[in-house]
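A.B. asks: Pasting a structure here, questions to come.
Derivation of every value follows stated rules applied to the coordinates shown; laboratory data play no part. Computed from a predicted model, the values in this text were never measured in an experiment. Using ideal geometry, Cβ is built from the backbone for each residue, glycine included, and neighbour counts are taken over all protein chains shown.
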Amino acid sequence: MDNTLYENTILELRRGVIVLGVLSQLDEEQYGYSLLKLLSDKGLELDQGTLYPLLRRLEGQGLLASVWKIEESRPRRYYVISPDGRELLPRLKEEWARIVSMMEKMLA
Amino acid sequence: MKLIDRYVSEVGKRLPAKTRADIENELRSTLEDMLEDRAAQAGQPADEALAADLLKEYGAPDKVAATYQPAQYLIGPRLYPFFMMVLKIVVSVLTGVAVFGFAIRFGSGPATTAAFISQIGKSLLEYFGGLMSAFGNIVIVFAILQRVLPESEFEDEKNEWNPSDLMKEPEPDDIKAWEPIFTIAFTVAGLVIFNFYPNLLGFSFYTDNIWVFIPAFSDAFFRMLPFINLAWILQIGLQLLLLRQGRWTTASRWFSLVIQLLGVGIAASLLTGPSIIAFNASALVNSPMTPETVALLGTIFEQIGRWALIIAVVAGGADAVKTLVRIFKKK
């Protein structure tokens, strides 16, 4: 089978999960690179080209808030889940549980 | 770190000015974090060689900049079906006109192979020239619509659609988005053709070894063009207003009434003045056709012009009355 087709399908599958993964890890504030490592430690490997534009988009949608801080003589932008994001997260988790249960039944 | 600075600046050049500084700062901070991390892992200093490896992995500046930009369209998916529809109609009309023009040319020119090849070549050149300018003008109109129409323009139709709507009588105040878009596209086409390409409106004859161009419309018609332009520009304004509002209102109906009356006035004035058709018996007198054919063709074109104006006055008047009735019914 065509490997590109496989990779593209996997990318499509992961696309929706990434938002949930990112929102779930921003209970405490993180800067981009620390979030990238945190997600990687938990098994979600993302490239920077995906994560940074996503963080900006989620901030634009009001689901994240960000603030610049100077640390180790370097400015870093910290992101944290916003009140709107906090409200949305449990609903997304519920939907995720439904999807997992539905797919388990389908794939059993 | 010179290499990182250069890289960040290259990415920044490809970003919109509004977000550039913010993205540049975040990118620089991230790259420095990554470089520091890699240097610590490798147990070597964070030098330019390590930075070069990191940047190569991070990706070319244009690709990195592209990830921050949403997809941009000259004509987006919501307008594309309308664009294709208008394009198909215009191409069909231009093809019909080209075939008709070629038939007239071939019929009036010398019946030799060389003349046939020369006529077909000339017709094809004109046809493709016309196609390219029509295509360009339609693209410009739709590209402008893409930028001036708000994002929400077509949402109502999508959200509220119900299969039972198929059986409902249309509401007289509702406007389907495609109606103003079609009117705008064809009105702009009229404005452009009549003002900038009047040579498309006529026919060429081959006689005494030279091509003679006979315009379809007379000077009397072109003297009225400023008023016709005014009516067309007002029409485009009205259609843009209707697109934004999504419904007819009393104000837009009054606006429409003014344009309809202006149209009736222009048609009536042309009807009572000299003929608007230049393609008549006296213009055709030099063509290689017989005097009987010339007289017959001249009369046919004169009558077509006359009846088109009568229809414009009657239909325009009827539309104006309908508009008035709707305005007063609403009150």
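A.B. asks: Counting other C-beta atoms within 10 Å, and keeping those with at most 15, which DSSP coil trypsin sites (Lys or Arg not before Pro) do you find in segment B:1-86? Intermediate values should be presented prior to the final figure.
C.D. replies: On the way: sites: B:2, B:6, B:13, B:14, B:18, B:20, B:28, B:38, B:56, B:63, B:78; in loops: B:14, B:78.
Here the trypsin sites (Lys or Arg not before Pro) that fit, given the DSSP loop and packing criteria, are B:14.
A.B. asks: Relative to the first principal axis of the alpha-carbon coordinates of chain A, what is the inclination of helix A:32-41, with its axis defined by its Cα atoms, in degrees from 0 to 90 and to the nearest 10?
C.D. replies: Compared with the principal axis, the helix lies near 40 degrees.
A.B. asks: A further question follows. How far is helix A:48-60 tilted off the main Cα axis of chain A, in degrees rounded to 10, range 0 to 90?
C.D. replies: 70
A.B. asks: Quick one, could you list the DSSP H helices from chain B stretching 27 Å or more along their long axis (Cα atoms) with average Kyte-Doolittle hydropathy of -1.0 or above? Before the final figure, lay out the partial values.
C.D. replies: Working: long enough: B:17-42 (38 Å, -0.93); B:80-108 (41 Å, 1.67); B:113-148 (52 Å, 1.17); B:225-245 (30 Å, 1.29); B:250-272 (33 Å, 1.35); B:291-330 (58 Å, 0.86).
Going by DSSP H runs, the hits are B:17-42, B:80-108, B:113-148, B:225-245, B:250-272, B:291-330.
A.B. asks: For the protein assembly as shown, with only Lys/Arg (+1) and Asp/Glu (-1) charged at the beta-carbon, what is the dipole magnitude about the Cα centre, in debye rounded to 20?
C.D. replies: Using Cβ point charges on Lys, Arg, Asp and Glu, the protein assembly as shown gives about 1520 debye.
A.B. asks: Who wins for biggest fluctuation among B:113, B:183, B:293 in a Gaussian network model of chain B, springs between alpha carbons below 10 Å?
C.D. replies: B:113
A.B. asks: Near residue A:86, within a Cβ-to-Cβ distance under 14 Å, what is the net charge of the other residues, with Lys and Arg +1 and Asp and Glu -1?
C.D. replies: Charge balance in the 14 Å sphere: -3.
A.B. asks: Could you tell me the center-to-center distance, by alpha carbons, between segment A:1-52 and segment B:1-20 in angstrom?
C.D. replies: Centre-to-centre distance over Cα atoms comes out at 24 Å.
A.B. asks: Which net charge results for the neighbourhood of residue B:62, defined as the other residues with beta-carbon distances under 13 angstrom from its beta-carbon, given Lys and Arg at +1 and Asp and Glu at -1?
C.D. replies: Every neighbour counted, the sum reads +2.
A.B. asks: Hey, what did chain A get for relative contact order, percent, Cα under 8 Å, at least 6 apart?
C.D. replies: Worked out over chain A, it gives 26 percent.
A.B. asks: Considering the options B:96, B:202, B:136, tell which one lies farthest towards the positive end of the dipole of the protein assembly as shown, charges being +1 on Lys and Arg and -1 on Asp and Glu at the Cβ, about the Cα centre.
C.D. replies: Going by the Cα projections, it comes out as B:202.
A.B. asks: Additional query: Can you bin the protein assembly as shown into rounded, prolate or oblate? Criterion: square roots of the alpha carbon gyration tensor eigenvalues sorted a ≥ b ≥ c, rounded for a/c under 1.5, prolate for a/b above b/c, oblate for the rest. Show your work: numbers first, answer last.
C.D. replies: Numbers: a/c = 3.03, a/b = 2.07, b/c = 1.46.
Prolate, because a/c is 1.5 or more and a/b exceeds b/c.
A.B. asks: Take the alpha carbon gyration tensor of chain A, find the square roots of its eigenvalues, order them as a ≥ b ≥ c, and report rounded if a/c is under 1.5; if not, report prolate when a/b exceeds b/c, else oblate.
C.D. replies: Numbers: a/c = 2.49, a/b = 1.51, b/c = 1.65.
Since a/c reaches 1.5 but b/c is at least a/b, the shape of chain A is classed as oblate.
A.B. asks: Can you give me the long-range amide H partners of residue B:277? Hydrogens built in the peptide plane at 1.01 Å from N, cutoff under 5 Å, separation of 5 or more residues or another chain.
C.D. replies: The answer is B:218.
A.B. asks: Right, another one. Compute the relative contact order of segment B:2-67 as a whole-number percentage, counting only Cα pairs closer than 8 Å that sit 6 or more residues apart in sequence. Spell out each step's value before the answer.
C.D. replies: On the way: 42 pairs, mean separation 29.5, N = 66.
Computed over segment B:2-67, the figure is 45 percent.
A.B. asks: Please give me, ordered by residue number, the GluC sites (Glu not before Pro) of segment A:41-108 that lie in loop per DSSP and have at most 10 other Cβ atoms within 10 Å.
C.D. replies: Answer by residue number: A:45, A:72.
A.B. asks: In the structure displayed, which of B:18/B:56; B:13/B:63; A:42/B:56 lie more than 20 Å apart, Cα to Cα?
C.D. replies: B:18/B:56; A:42/B:56, as the Cα separations exceed 20 Å there.
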